[in-house]
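The values are calculated or read from the model by the stated rules, or taken from the named source; none is laboratory data. Note that the coordinates shown come from a computational prediction; the quantities given were computed from them, not determined experimentally. Virtual Cβ from ideal backbone geometry, glycine too; neighbours counted across all protein chains shown.
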Amino acid sequence: MSQERLTNQDETVSSGENSADPTSEPLVDSAIEVPGKNATSTGRTILRAQSFDVYYDDVQALQDVNIEIPEKQVTAMIGPSGCGKSTFLRSINRMNDLVDAARIEGELLFRGKNVYDEDVDPVALRRKIGMVFQHPNPFPKSIFDNVAYGLRVQDMDVDEQQVVEESLKKAALWDEVKDQLDKSALDLSGGQQQRLCIARAIAVDPEVILMDEPASALDPIATSKIEDLIDDLAEDYTVVIVTHNMQQAARISDKTAVFLTGGELVEFDDTEKIFENPEHQRVEDYITGKFG
């Protein structure tokens, strides 16, 4: 699977080109109770994988992953390249559906509903579970139109001006761009573009935000702003981030999942415990630089 192909597929989904009719069937069965988005964070599980496997043709990318991700917290996924952490992230909102060779076994539950059930609309799922990619991918449109894009594609009956302003404020970008909303998003710096993509993701009011190495292409100052932003976002959203930067994971996350070679989730626990007193020697070896 070429990286170019995956990147192109990512941009297609994030742009909303695969959007379904807003009158399509709801994400979850009406019989399943879905708490309101503003429910108080109590550490309850919002995402759960059970005996979850992913294959690309005959190659197993993830094996027997079992994890419970709490809502309105930051969960970091770390591990060496090729260990399956990005594959798992893409599985949460069915981005791997776009890869012909991919197939899954087991269950991945969002608020108790298996996202791979036949009655789940992947487009509706991605409205609930947004994604921010490694490289900023603003559209060649104005700053305002970038943030409002999802609202228009999904024909959402909202006050565009208000939602755009609120989203840019949540993305810590409003003060920098409020007087130039008609300016091309492509003229922004890399760090500003990434925060714009975050604003675009949260404008459609998701519950979960997935981030695949969102600061890896940014300078230290822009990275610091993204990390501060992630901390703020966790007050309203569940954030799941893949990062190669273990120091970053230690700084910003509440929970850390360690994937190691072979697509195995070796350990998942409070971040402090993972970095100070891991249960598995393999995890300690990875964190201390003896493995991976």
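Restricting to the range 177-201, name every residue that is surrounded by fewer than 18 Cβ atoms within 10 Å (Cβ to Cβ) and out of contact with any strand residue (DSSP E or B) (no Cβ under 7 Å at 6 or more places or on another chain).
Listed by number, the residues that qualify are 178, 179, 180, 186, 187, 189, 190.
Return the residues of the range 171-215 that are acidic (Asp, Glu) and either modelled with pLDDT under 95 or under 18 Å from the mean Cα position of the chain (by Cα) (or both); say none if nothing qualifies.
Passing the criteria: 205, 207, 212, 213.
I'd like to check something: does the range 203-220 contain any residue that is within 28 Å of residue 138 (Cα to Cα) and in a helix (DSSP H, G or I)?
Taking every residue of the range 203-220 in turn, at least one turns out to be within 28 Å of residue 138 (Cα to Cα) and in a helix (DSSP H, G or I).
What is the residue count in the range 212-233 for residues that are under 24 Å from residue 45 (Cβ atoms) and buried (at least 20 other Cβ atoms within 10 Å of the Cβ)?
Keep residues of the range 212-233 that are under 24 Å from residue 45 (Cβ atoms), which gives 212, 214, 230-233.
Applying the additional criterion that residues be buried (at least 20 other Cβ atoms within 10 Å of the Cβ) yields 212, 214, 230, 233.
Total meeting the criteria: 4.
Out of the residues in the range 129-148 that are touching a Phe, Trp or Tyr at 6+ places or on another chain (Cβ under 8 Å) and either modelled with pLDDT under 95 or part of a loop (DSSP other than H, G, I, E, B) (or both), state the one that is surrounded by the most Cβ atoms within 10 Å (Cβ to Cβ).
Filtering first and then ranking leaves 139.
Scanning for something within 26 Å of residue 287 (Cα to Cα), in contact with a helix residue (DSSP H, G or I) (Cβ under 9 Å, 6 or more places away or on another chain) and at pLDDT 95 or above, does the range 97-111 turn up at least one residue?
Within the range 97-111, none of the residues are within 26 Å of residue 287 (Cα to Cα), in contact with a helix residue (DSSP H, G or I) (Cβ under 9 Å, 6 or more places away or on another chain) and at pLDDT 95 or above.
Starting from residues that are hydrophobic (A, V, I, L, M, F, W, C) and in a loop (DSSP other than H, G, I, E, B), keep the ones in the range 30-72 and report whichever is modelled with the lowest pLDDT.
If we take residues in the range 30-72 being hydrophobic (A, V, I, L, M, F, W, C) and in a loop (DSSP other than H, G, I, E, B), then 32 is modelled with the lowest pLDDT.
Looking at the range 117-137, I want the residues that are over 17 Å from residue 241 (Cβ atoms) and free of Cβ contacts under 8 Å to residues at least 24 places away in the same chain and have a partner that is polar (S, T, N, Q) and surrounded by 20 or more Cβ atoms within 10 Å (Cβ to Cβ) with Cβ atoms under 9 Å, at least 6 apart or on another chain. Which pairs are those?
The qualifying pairs do not exist here.
Under the condition of being part of a loop (DSSP other than H, G, I, E, B) and closer than 16 Å to residue 64 by Cα, which residue from the range 83-111 is farthest from the chain's Cα centre (by Cα)?
Of all residues in the range 83-111, those part of a loop (DSSP other than H, G, I, E, B) come to 83-84, 93-94, 99-101, 111.
Next, only the ones that are closer than 16 Å to residue 64 by Cα stay: 83-84.
Numbers: 83: 17, 84: 15 Å.
Out of the qualifying residues, it is 83.
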